[in-house]
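A.B. asks: Got a structure for you, questions after.
The values are calculated or read from the model by the stated rules, or taken from the named source; none is laboratory data. Note that the structure is predicted; figures quoted are calculated from it, not measured. Every residue, glycine as well, gets a Cβ built from its backbone with ideal geometry; the counts of neighbours run over all protein chains shown. Surface accessibility is based on the protein's heavy atoms, side chains included, excluding ligands, DNA and RNA. Shrake-Rupley method; radii C 1.70, N 1.55, O 1.52, S 1.80 Å.
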Amino acid sequence: MTLLLGLDVGTTSVKAVVYQIDGIAVSASSLPTPTHVPRPGWAFYRPDELWQTVVAAIRGALTNVPNPEQIASVAVASVAQSGVLLDAAGVATTDSIAWFDSRTRPQASWLAERIGKDELFARSGLSLQPIFSLNKLLWHREHEPEAWARSVAWLMIADFIAYRLCGEGATDLSLASRTLMLDLHQKRWDEQTLAQAGIDPELLAPLVSAGTPLGTITSGAAALTGLPVTAVVAAGGHDHVCG
């Protein structure tokens with residue numbers, strides 16, 4: 001029997017569900033999403049904690065799967081807007097600002113002055129709000145310059161988990177559409193917005209459609225999770241859009 005594993009890193013919980021290919025769920029596990037709230041209006045995730053929670057959820061879901069070798073593919077959905085900055089070794093350089101964190105209001109105001117709300121809407125299809133990823137990148141750059149200088153990649157939360165599973169980074173269009181950095185018309189990163197905001201395009205992952213195969217489970221991830229190294233990790237997406 002061929003099985004599929006779906007992961008969702010959500011606002012309240014991290015879920016792992018094993019499915020038959022006809023869509024019937026055969027096993028599931030859910031754990032609270034580890035979220036830190038240091039002050040009103042602020043909330044963040046620690047990337048390694050998220051990863052460890054995902055590992056525990058996967059192992060929990062596999063408890064009722066007699067033969068994990070039957071799992072042919074894995075995909076990850078997650079909250080949008082939030083992401084992880086990584087250094088050249090693939091290690092997170094900062095905490096991940098939660099999607100609903102409002103500390104980035106000054107960055108949103110700066111973008112309104114620098115580019116304009118109407119222009120950003122015309123390019124991205126988004127009404128400028130502090131939650132979108134570009135604001136979070138600007139906050140990291142301004143407030144964590146040493147970490148910013150060491151960062152070479154930005155992955156959305158689902159992308160980060162997929163990267164930890166297979167070693168390949170990519171962003172699907174549904175998650176990219178919540179960053180303020182996607183040219184919605186051309187379905188590519190918006191070079192003009194990035195230039196005006198001073199963000200290096202090389203920081204962003206390649207864009208792919210949901211379901212695109214990224215790679216197979218690494219031996220390290222297999223040892224931690226119990227997943228087979230033959231399982232293919234595919235690009236997932238924004239949890240609400242996937243739903």
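A.B. asks: Across the range 12-53, what is the total count of residues that are part of a strand (DSSP E or B), touching a residue at least 24 places away in the same chain (Cβ under 8 Å), hydrophobic (A, V, I, L, M, F, W, C) and open to solvent by 40 Å² or more (accessible area, probe 1.4 Å)?
C.D. replies: 3
A.B. asks: A further question follows. Give the number of residues within the range 142-197 that are farther than 30 Å from A231 by Cβ and of a type in the set (G, A, S).
C.D. replies: Going through the range 142-197 one residue at a time, the tally reaches 4.
A.B. asks: Residues of the range 184-243 being of a type outside the set (G, A, S) and part of a strand (DSSP E or B), which ones?
C.D. replies: R188, W189, L204, L207, V208, P213, L214, T216, V232, V233, H238
Condition check ((1) surrounded by fewer than 18 Cβ atoms within 10 Å (Cβ to Cβ); (2) over 12 Å from the mean Cα position of the chain (by Cα)) across all residues:
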position	(1), (2)
I157	no, no
D172	no, no
I199	no, yes
T212	yes, yes
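A.B. asks: Checking the condition under 25 Å from T218 (Cβ atoms) and part of a loop (DSSP other than H, G, I, E, B), which residue from A80, A88, A72, A56 passes?
C.D. replies: On inspection, the qualifying residue turns out to be A88.
A.B. asks: Considering only residues that are touching a residue at least 12 places away in the same chain (Cβ under 8 Å), open to solvent by 50 Å² or more (accessible area, probe 1.4 Å) and charged (D, E, K, R), which ones fall in the range 174-197?
C.D. replies: Matches in the range 174-197: R178, K187, R188.
A.B. asks: Tell me whether the range 61-78 contains one or more residues that are at pLDDT below 95, among the polar types (S, T, N, Q) and closer than 17 Å to L227 by Cβ.
C.D. replies: Yes, there is a match, as at least one residue in the range 61-78 is at pLDDT below 95, among the polar types (S, T, N, Q) and closer than 17 Å to L227 by Cβ.
A.B. asks: While we're here: Could you list, in sequence order, the residues of the range 82-110 that are farther than 21 Å from G237 by Cα and either out of contact with any Phe, Trp or Tyr (no Cβ under 9 Å at 6 or more places or on another chain) or among the aromatic types (F, W, Y) (or both)?
C.D. replies: D87, A88, A89, V91, R105, S109, W110
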